[in-house]
Amino acid sequence: MDTANKSAVSEFALLGLSNSWKLQMFFFMVFSLFYVATVVGNSLIVITVIADSHLHSPMYFLLTNLSIIDMSLASFATPKMITDYLTGHKTISFDGCITQIFFLHLFTGTEIILLMAMSFDRYTAICKPLHYASIVSPQVCVALVVASWVVGVMHSMSQVIFALTLPFCGPNEVDSFFCDLPVVFQLACVDTYVLGLFMISTSGVIALSCFILLFNSYVIVLVTIKNHSSKGSSKVLSACTAHFIVVFMFFGPCIFIYMWPLSSFLVDKILSVFYTIFTPILNPVIYTLRNQEVKTAMRKLKNKLLNSNKTTPSYYF
């Protein structure tokens with residue numbers, strides 16, 4: 001089906017988060033700092049895990065992939081938003097809008113499955129420690145990561161195919177800083193009630209179901225830890241609690257936006273900022289940078305780089 005013949009809209013206007021110039025400059029500075037910190041923090045995690053052989057374990061393999069996804073999730077729309085604040089050119093082509101929808105659902109869908117894989121890893125390590133090595137083998141970890149990307153691609157393709165079938169013949173103002181189905185489908189020249197039901201059944205219910213599974217696994221893990229009163233258990237309890245907070249901050253906005261697609265745009269904007277800008281920087285801080293093993297590996301990597309620079313001969317011309 002030829003999409004160009006169905007749609008009279010060739011581009012969309014992104015209204016962003018605010019019309020106030022002062023607020024836009026504030027958002028520009030804050031989001032620029034968050035984006036740079038997200039890329040630097042997650043890149044540092046990936047480099048550290050790859051460089052240190054002591055971190056070549058299933059948990060850190062999954063964390064490395066989480067960092068890659070977080071960098072991708074932070075990059076699909078944030079750089080354009082930052083650039084738009086400088087140029088004032090807040091438009092996006094129809095194809096660009098569809099591309100944003102694809103990558104948003106690709107990265108969020110992949111991260112949802114990866115978070116479940118990480119929960120499975122922690123559950124096995126704490127509740128079945130004697131069988132951990134045989135259950136969570138390197139092959140299983142690779143399979144979990146591949147499965148997360150496959151699910152992400154399948155989910156994003158279903159959303160894109162759905163978006164391409166919609167006729168756009170009227171208003172083209174997207175009341176957000178990026179394109180996503182909950183805001184774009186309301187511009188279509190069809191009844192949005194049926195579209196809302198599709199949104200709930202494909203994205204909302206999936207996100208809610210995965211969150212319930214994650215919640216149950218963390219409850220089991222926390223109960224198991226609580227029954228072992230020791231210093232090591234208290235550290236694991238603190239870490240698992242922090243992990244669940246990040247999971248809640250990621251799933252909460254997703255569930256609300258897709259379970260209630262006709263909700264307030266202001267609320268949707270605020271929640272969208274959480275899982276596209278704030279969560280990608282929280283993940284490395286909560287999951288990895290608080291970890292003593294990772295901090296030790298980073299110090300070793302830093303010392304190695306400094307020593308290599310000192311031993312490198314200098315040439316004067």
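The values are calculated or read from the model by the stated rules, or taken from the named source; none is laboratory data. Note that this is a predicted model, so its numbers are computed, not measured. Cβ sites come from the backbone with ideal geometry, for glycine too, and all protein chains shown count toward neighbours. In case anyone asks, the SASA skips ligands and DNA or RNA and just uses the protein heavy atoms, side chains included. Shrake-Rupley method; radii C 1.70, N 1.55, O 1.52, S 1.80 Å.
If I fit a long axis through the Cα atoms of helix 21-51 and take the longest principal axis of the Cα atoms of the chain, what angle between them do I get, 0 to 90°, rounded to 10?
The two axes meet at around 40 degrees.
Where does each of 172-180, 33-41 land if you order them by average Cβ count within 10 Å, highest first?
172-180, 33-41
Which residues among the range 151-173 fall inside the zone where the amide N is under 11 Å from a point 7 Å beyond the Cα of Thr99, along Cα→Cβ?
Inside the label zone: nothing.
Roughly speaking, what is the stretch gain from Asn216 to Ile135, that is 0.36 nm per residue apart minus the C-alpha to C-alpha distance, in nm to one decimal?
27.2 nm
Sorted by accessible area (1.4 Å probe), largest first, how do Phe278, Phe120 line up?
These residues rank, largest area first, as Phe120, Phe278.
Give the angle, between 0 and 90 degrees and rounded to the nearest 10, that separates the Cα long axis of helix 205-226 from the longest principal axis of the Cα atoms of the chain.
In the chain, helix 205-226 runs at an angle near 20 degrees to the longest axis.
Between 0 and 90 degrees, rounded to the nearest ten: what's the tilt of helix 94-127 against the longest Cα principal axis of the chain?
Helix 94-127 sits at roughly 30 degrees to that axis.
Mean residue ellipticity at 222 nm from the helices of the chain, using -39,500 (n - 2.57) per DSSP H segment of n ≥ 4 over the full residue count, to the nearest 500 deg cm²/dmol?
-23500 deg cm²/dmol
What is the gain in length, in nm to one decimal, between His56 and Thr296 on full extension, counting 0.36 nm per residue of separation less the C-alpha to C-alpha distance?
Here the answer is 85.0 nm.
What does the charge add up to near Cys254, with Lys and Arg as +1, Asp and Glu as -1, over the other residues with Cβ less than 12 Å from its Cβ?
Numbers: positive: none; negative: Glu111, Asp180, Asp268.
Neighbour charge sum, excluding Cys254 itself: -3.
Work out how much length Phe278 to Ser201 would gain on full extension: take 0.36 nm times their residue separation and subtract the Cα-Cα distance, in nm to one decimal. Can you show the working numbers first?
Numbers: separation 77, 0.36 × 77 = 27.72 nm, distance 2.65 nm.
Gain on extension, Phe278 to Ser201, equals 25.1 nm.
Mind ranking 148-157, 85-94, 19-28 by how tightly packed they are, going by the mean number of other C-beta atoms within 10 angstrom, highest first? Intermediate values should be presented prior to the final figure.
On the way: 148-157: 17.3, 85-94: 14.3, 19-28: 12.8.
The peptides rank, most packed first, as 148-157, 85-94, 19-28.
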